[in-house]
Each structure stands twice: as structure tokens, then as C-alpha cells.
There are 2 protein chains.
Amino acid sequence: MSEALTGLELRSTVTSDAMLRLDLAEVTLDQPGPDEVIVRVEASPINPSDLGLLLGPADLSTMQAGGTPDRPILTATIPPQRMAMLGARLDQSMPVGNEGAGTVVQAGEKAAHLIGRKVGMIGGAMYTQYRKLRVSDCIPLPEGATAADGASMFVNPLTALAFTETMKAEGHKAIVHTAAASNLGQMLNKICLADGIPLVNIVRSAEQADILRAIGARYIVDSTAPDFMAALTDAIAETGATLGFDAVGGGKLASQILTAMEMAANRNATTYSRYGSSVFKQVYIYGMLDFGPTLLDRSFGLSWSVSGWLLTPFLMKAGPEVNARMRQRVVDELTTTFASHYSATISLADALNPEIVAAYQRKTTGEKYLIDPSL
Amino acid sequence: MSEALTGLELRSTVTSDAMLRLDLAEVTLDQPGPDEVIVRVEASPINPSDLGLLLGPADLSTMQAGGTPDRPILTATIPPQRMAMLGARLDQSMPVGNEGAGTVVQAGEKAAHLIGRKVGMIGGAMYTQYRKLRVSDCIPLPEGATAADGASMFVNPLTALAFTETMKAEGHKAIVHTAAASNLGQMLNKICLADGIPLVNIVRSAEQADILRAIGARYIVDSTAPDFMAALTDAIAETGATLGFDAVGGGKLASQILTAMEMAANRNATTYSRYGSSVFKQVYIYGMLDFGPTLLDRSFGLSWSVSGWLLTPFLMKAGPEVNARMRQRVVDELTTTFASHYSATISLADALNPEIVAAYQRKTTGEKYLIDPSL
């Protein structure tokens, strides 16, 4: 029997009196089962997809620091009108962190060969010092890779690969992507360049355009430029893109993409139909950089769809062979195609510091925080 | 050889100098081909789906009457910013009117048995005194039925039937419908009652609720009532509806339907997921009673889709057997399930009268105009 391991774990609680509370709980782990390992977590990214569970819909202008330096507590108020959807998590101390990487320190009998190996992990509750999980939720990192290299090997890499799988499965031949200079967007460019898939990148600044140009992106459109719609329509007409993936969510962007697709489709139209073109246009919203409402002006005919998109249901539908193929590609190209860059590495306690929270929740493109719970 | 027939036909033109022009053109018809008939049109409805082609995006406060009593002309200006999508119809004199009914007055050799019969027709250009078309685009009316009985036997009946076919094909078990007291909505209630399909009706007034209650509707929710969201959620929880058909288009209604579906799904949830329930929720927008933007607040997880819906692509995808079955049901239940009611019958010239245009374009629920070109 190995010794029982005890460590700190970040927890997020929404209380029934409309408060958000973050704290560090002391957690003692049972022995791993036969096909389980315990990993000392050394790197876990703060993805946009983690922020919803971590911070809820709290009003961050009300953040208050409390507790002690070693065991800080962060509180903030939640506007009452935002409480309606939170019923299922009320007064529960919830662990956070979708993915991470670290070193295997204990293992069940079927996983003994992994002790001392660095692994990437998926499955939530990664903002913790020790994480017990099934071997099937780990991927051993290639020789020489660091925990930071493997910390983001699931969410962004599999999402980017899943975009191209979705494209093929649904019969499209090119993709439009927004917030395109993000870590995910850069991966998607590398995949599409390697696989010969035309990709139209929508960015929000000249600096972001430069990032993508440097990695070889061909179609880059700046949504803040005065000729945005014309440039987007040209790029869509040239690539034939009828599928968009939108990380922004709120505002007019999804609508603008559909309108540009419709205008591109109508360029070659010879007859008028008041119902618009018969070309089917799909935009998937997979992110919430803008929490505001999505505004669809429906100036794009009646052959369109705007839908939510989430990785897990895609993976479940895609089946084990596609999953295995995607995972293998991530391992093979971990430090090239799927390299992630972090602007700062912080401790668990830092993650509860109001100033640092304000910084990492900004979701600035190109900025990404890494938590190292072993610090 | 029969005599060549000449009649008046309503035409709509959008000119490149941003004017809408409606007039009556004199049209002379060639002899019908072997499988064609010529029908004297005696009834053709003004459906919401006709108004886009008929009136375009004209500013109706600028309507001007011209011409003579027998050959009136109506003009109106089009705001320049609405001209972008009209390129394919510019300066073309376009016939209007999706469906109608009348008496066969000439027929090709394969259709001679139809002379003198009343038929319903689909195919556009029905706001005309004589319409030549293929026999396959006609359905002979049952004995004793009038042209008014058969005037609306395609668009609304097939759309209502197609909603239930879509429900079955996509694996849903109940339907939410908006503008539910419309002619179409009443048909849908009768179909769903007969077929045992739970239907949640969203109306905008107590009067509309009364109309539906009188025909036996069980779930009726008034979107102007203060408890709208609670009542809608209750009805959706009880029926299990995860599919909506929305005739309104603009505003928050589609979003409210998805939110109510999500809240109903979460009533039985035992665990919190920040991505929302895994229950897939679909709203199809098939109408444009409100031309404003669709506002999606995305407070309904990530398992959702909002899409355009149009009858013709559905029928093409459904195949000939489903089409034949649907048409036969319309004929069998023409004066019961699929009875339409008209608030006024007008002539072709009336349809160009500014006061009458102002009335029929209002799309008031329960009000519907019928054009009789033989008047």
C-alpha cells in the first residue's frame, strides 16, 4: 500500500444567497484502483471553457480577498437575475479545471509501468495538487516533453481537429473561424495548411493578422476594418466556405458570416428567389467571448442554421476509431502543430488573487494562464 | 385548336432606382402542351410568404396610386439600404402568388378529362386571370368544393403536415408553435389532435387563445401574460417538446422557447453542467412576422440549433411517397382539417389599392385576404 496523499484543491461555490466563493480545500485521496493512477498535477491551463464553472456569472467588480496567504478565499456577488440557471450547483463546493498534465506518483496494478511518467489528463478537477483518474483519461507524453507541453493537449487540439472532422462529416469544403489568432486558431491553421483545407480567419486587429500571417495563413479578414464585409465575402467566395465556427457568440458576427456566405452564393445566381439561395450555411457557436445576445438579422435566406457546438458530444458521436486517430495525431505533433504558449504561470493561491483573476478572465487573444498546483 | 386566351396578370417590379412598382400586365397564353391545362383562376390567397415578392422591402408609407381604375399602378420607394439583396430581381416584371384554385378551361390531350373541373394549383404566378401549368401541379378538388375551398390547399396544409413529419424524422415527440391561432396554426392543432401529438401553442392575446380552445387545443400559452415563461416551461415539461416552429422570426421568442426547453430539461437534473443539459433543442424559423433581428441570449446550454425552414426543400428531401401521402390527406380533409377562412375577397385591381394593401400586409392573425382574378 502506498501512503495516502493529501493536497489542496481549488473549489468554486455559488451560494443560495447569490455569492461566489473560491477557496482551497484539503483533499485526501484513496488508493488508486487497479486501472487508476494518481498524478501530481504540474500544469493546468485556464481555458475560456473553464471560466464559466470557476467564476460563474459573478460581478467581478465586487471581488473581495479573504482568508490567509496560504489558504486564500475570494468572494464576489452574483446579480440576482443571473441566479436562475444555477439551481443545480447551489451550495456545492465544485472542483474546476478541464485538463492538465503532471507526473504519475502512484498507480494501480494494471498501470504500474506509468509510475514516474509524465502524462496529459482530461476529466475535470485539475486545479488540484493530486488527481486520481483512470488510465484511459491519461496520455503518456512523448520523451522530453514537459508538463506544460502536455497541459493543453486535449481541449484545444481535439477541438481544432474536430472542426475539420465536422466539416468532412457534414459535407462542407472550407471553414470560417473567428477569434482566429487564439491558441486554438493557430492550431487550426496548422492543421488546415497541412491537410489542404481552405480556412478563412476572422481577427480583430492588425497584430492578430500578423500572428496568423507568420504561420502561413492565407485568408485573414479583420472585423474592425471598414471593408470587413466585402473582404469576408471575397474570401468566402474564393474558398467556398459554408461552415463557420464562432468563439465570440454574442453580437452580429455569426449573422455577418451567414450574410457573407449568402452574398457569395448569390454572386453567381441568375434567378431571383425571395427565399434566398438554396446553399445551406451553418455557423456553430462554440465559445462565449461575448456574453451578449446573438443578433441574427436573417438577411441570408432560409437555408441556414446557427447551433451550439461542444467537444464532448462530438467525440461521443464520432466513435472510438476517430477518437484514437485524433489523439495519436496530438501526441505525434505535440510540440509542433499543437504547441501552446502561456503568458504566465501561477500557483493555486494566485488563482484566487483578485488582481490575477481580473487579468486571466479578460480572455485576451494570445494571452493564456497556466496553473502549476505544485508551486 | 382552342382560342388563345388573354388576361391580366399582377406584376411586381423593383427598379434599379429603388422603386417598387405593381401593375397589371396583359398576357396571352399559348396552347397548353399534352400534359398541361389552362385554368381560369378564381381564388388565390395572399399568404405571408407571398408578401416578400409582392411588396419587397418597400416603405409602404410612400405608396402612390396611379394608372386607371381598370389598370391601376401602385408605386412606393425602397430605402436604399434595403436594396443590397435585390440584385437578382432588379428591373424584372415578376408574377406573384404561390397557390390558387379555379376551373380548367383548356387542356392538352393527356388532360382532356379535366376540362370543367375545379382544381387547386401550386407553382407561383397565381395572381392572374388564366394560368397554364402542368397537370402534376394541380389537384382536382372533391365534388362540391369551391375554388375558395381549394385556394389554400398547398402552402398551409403541407407546411402543417411537414411540421409533424419533421418531428418524427428528427426524433422529437412534441411541438411548440408560435402565432398559433393563424390559419396554419389551427390546421396544425387539428392534425396533432387527430394524430395524438402534443402541441404547445404560443399566442399573443386572450382572443387568440379562445380560438384555439374552441377547436380543442390543450396547451395554450399567451406570450403577453406576465407568467409567460413559467407557463411555457410547464407546458414544455409536461409534453416533452424539444422542437419549435416559429413564424415570428424577430425578437426574443425563439430564445425564450429554447430557454423554457432548457429549464424543463433541468428540472430533473441531478448534477450541474456549466454547458447546460445534454437535451438537444431545435427551433425552426419559418416566417417573418417580425422583420427585426432574432435575439438569442444563449441561456440554454450548448445543445441547441436555430435554423431556417422552408417547405420546398423539405418536400424535395421527403421524397414522392411522403408527398403523395400528404397530398391525399389534404384532399380527404379539405373542408374539415384544412378549411381556410378569409376575411375579404378582392379583385386584382383591389390588390393594388393603397388602402387595401395597407390592410392585407398587416398579417393580423385570423385575417386573410383572397384574390379572385375573375372578378
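The values are calculated or read from the model by the stated rules, or taken from the named source; none is laboratory data. Since we're looking at a predicted model, the values are computed, not measured. As a convention, Cβ positions derive from the backbone with ideal geometry for all residues, glycine included, and neighbour counts pool all protein chains shown.
If you go through the range B:1-49 one residue at a time, how many are out of contact with any strand residue (DSSP E or B) (no Cβ under 9 Å at 6 or more places or on another chain) and acidic (Asp, Glu)?
So in the range B:1-49, the residues out of contact with any strand residue (DSSP E or B) (no Cβ under 9 Å at 6 or more places or on another chain) come out as B:1, B:17, B:34, B:48-49.
Cutting the leftovers down to acidic (Asp, Glu) gives us B:17.
Count: 1.
Would you kindly identify the strands (runs of 3 or more DSSP E) lying entirely within the range B:88-148 that contain at least 3 residues that are of a type in the set (A, V, I, L, M, F, W, C)?
Per the criteria, B:99-107, B:118-122.
Check the range A:314-336 and report whether any residue there is within 14 Å of another protein chain (Cβ to nearest Cβ) and surrounded by 15 or more Cβ atoms within 10 Å (Cβ to Cβ).
yes
Across the range A:191-211, which residue is farthest from residue A:48 (Cα to Cα) among those that are surrounded by 20 or more Cβ atoms within 10 Å (Cβ to Cβ) and not aliphatic (A, V, I, L, M)?
Looking at residues that are surrounded by 20 or more Cβ atoms within 10 Å (Cβ to Cβ) and not aliphatic (A, V, I, L, M), I get A:192.
Considering only the range A:161-171, I want to know if a residue exists there that is touching a Cys at 6+ places or on another chain (Cβ under 9 Å) and of a type in the set (S, T, N, Q).
Yes; the residues of the range A:161-171 include at least one that is touching a Cys at 6+ places or on another chain (Cβ under 9 Å) and of a type in the set (S, T, N, Q).
Looking at (1) at pLDDT below 90; (2) at the interface with chain A (Cβ under 7 Å from one of its Cβ atoms), which one does residue B:308 not meet, given that it meets all the others?
Unmet for residue B:308, out of (1) at pLDDT below 90; (2) at the interface with chain A (Cβ under 7 Å from one of its Cβ atoms): (1).
Just wondering, is there one or more residues in the range A:162-179 that are in a strand (DSSP E or B), on the phi < 0 side of the Ramachandran plot, among the aliphatic types (A, V, I, L, M) and modelled with pLDDT of 95 or more?
Of the range A:162-179, the ones in a strand (DSSP E or B) are A:175-177.
So of that shortlist, the ones also on the phi < 0 side of the Ramachandran plot come out as A:175-177.
The next check asks that each one be among the aliphatic types (A, V, I, L, M); those that pass are A:175-176.
Those still in the list that are modelled with pLDDT of 95 or more too: A:175-176.
Yes: the range A:162-179 contains one or more residues that are in a strand (DSSP E or B), on the phi < 0 side of the Ramachandran plot, among the aliphatic types (A, V, I, L, M) and modelled with pLDDT of 95 or more.
Select from the range A:53-77 the residues that are of a type outside the set (Ser, Thr, Tyr), in contact (Cβ under 8 Å) with a residue 24 or more places away in the chain and either farther than 17 Å from residue A:352 by Cβ or part of a strand (DSSP E or B) (or both) and list them in ascending order.
Scanning the range A:53-77 gives A:57, A:64, A:65, A:67, A:72, A:73, A:74, A:76.
Against the condition assigned to a strand (DSSP E or B), of a type outside the set (Lys, Arg), surrounded by 23 or more Cβ atoms within 10 Å (Cβ to Cβ) and over 21 Å from the mean Cα position of the chain (by Cα), how does residue A:10 come out, does it pass?
No: the conditions fail for residue A:10.
Could you check the range B:277-290 and list, in sequence order, the residues that are assigned to a strand (DSSP E or B) and either of a type outside the set (Phe, Trp, Tyr) or at the interface with chain A (Cβ under 8 Å from one of its Cβ atoms) (or both)?
B:281, B:282, B:283, B:285, B:290 - these are the residues of the range B:277-290 that are assigned to a strand (DSSP E or B) and either of a type outside the set (Phe, Trp, Tyr) or at the interface with chain A (Cβ under 8 Å from one of its Cβ atoms) (or both).
Can you find a residue that is within 24 Å of residue B:296 (Cβ to Cβ), in a strand (DSSP E or B) and within 14 Å of chain B (Cβ to nearest Cβ) anywhere in the range A:264-275?
Checked the range A:264-275: no residue is within 24 Å of residue B:296 (Cβ to Cβ), in a strand (DSSP E or B) and within 14 Å of chain B (Cβ to nearest Cβ).
From the set of residues in the range B:206-247 that are part of a loop (DSSP other than H, G, I, E, B) and in contact (Cβ under 8 Å) with a residue 60 or more places away in the chain, which is nearest to residue A:298 (Cα to Cα)? Talk me through it step by step, then tell me what you get.
If we filter the range B:206-247 for residues that are part of a loop (DSSP other than H, G, I, E, B), which is where we start, we get B:215-218, B:223-227, B:240-242, B:247.
Going one step further and asking which of them are in contact (Cβ under 8 Å) with a residue 60 or more places away in the chain, we end up with B:240-242, B:247.
On the way: B:240: 28, B:241: 25, B:242: 22, B:247: 13 Å.
Looking at the filtered set, the residue picked out is B:247.
Collect the residues in the range A:140-168 that are out of contact with any Gly (no Cβ under 8 Å at 6 or more places or on another chain) and among the aromatic types (Phe, Trp, Tyr), keeping them in residue-number order.
Once the filter is applied, which keeps residues that are out of contact with any Gly (no Cβ under 8 Å at 6 or more places or on another chain) and among the aromatic types (Phe, Trp, Tyr), the range A:140-168 yields only A:163.
Please work out which residue is farthest from residue B:160 (Cα to Cα), limiting yourself to the range B:251-263 and to residues that are touching an Asp or Glu at 6+ places or on another chain (Cβ under 8 Å) and either part of a helix (DSSP H, G or I) or modelled with pLDDT under 95 (or both).
In this case the residue turns out to be B:259.
Is there a residue in the range B:17-31 that is in contact with a Ser or Thr (Cβ under 9 Å, 6 or more places away or on another chain), within 14 Å of chain A (Cβ to nearest Cβ) and within 30 Å of residue B:292 (Cβ to Cβ)?
For the range B:17-31, residues in contact with a Ser or Thr (Cβ under 9 Å, 6 or more places away or on another chain), within 14 Å of chain A (Cβ to nearest Cβ) and within 30 Å of residue B:292 (Cβ to Cβ): present.
When the range A:95-125 is examined, which residues are found to be of a type in the set (Lys, Arg) and farther than 16 Å from residue A:153 by Cβ?
Within the range A:95-125, just A:110 meets the criteria.
Of all the residues that make up the range A:79-110, how many are in contact (Cβ under 8 Å) with a residue 40 or more places away in the chain and within 14 Å of chain B (Cβ to nearest Cβ)?
Here the count works out to 13.
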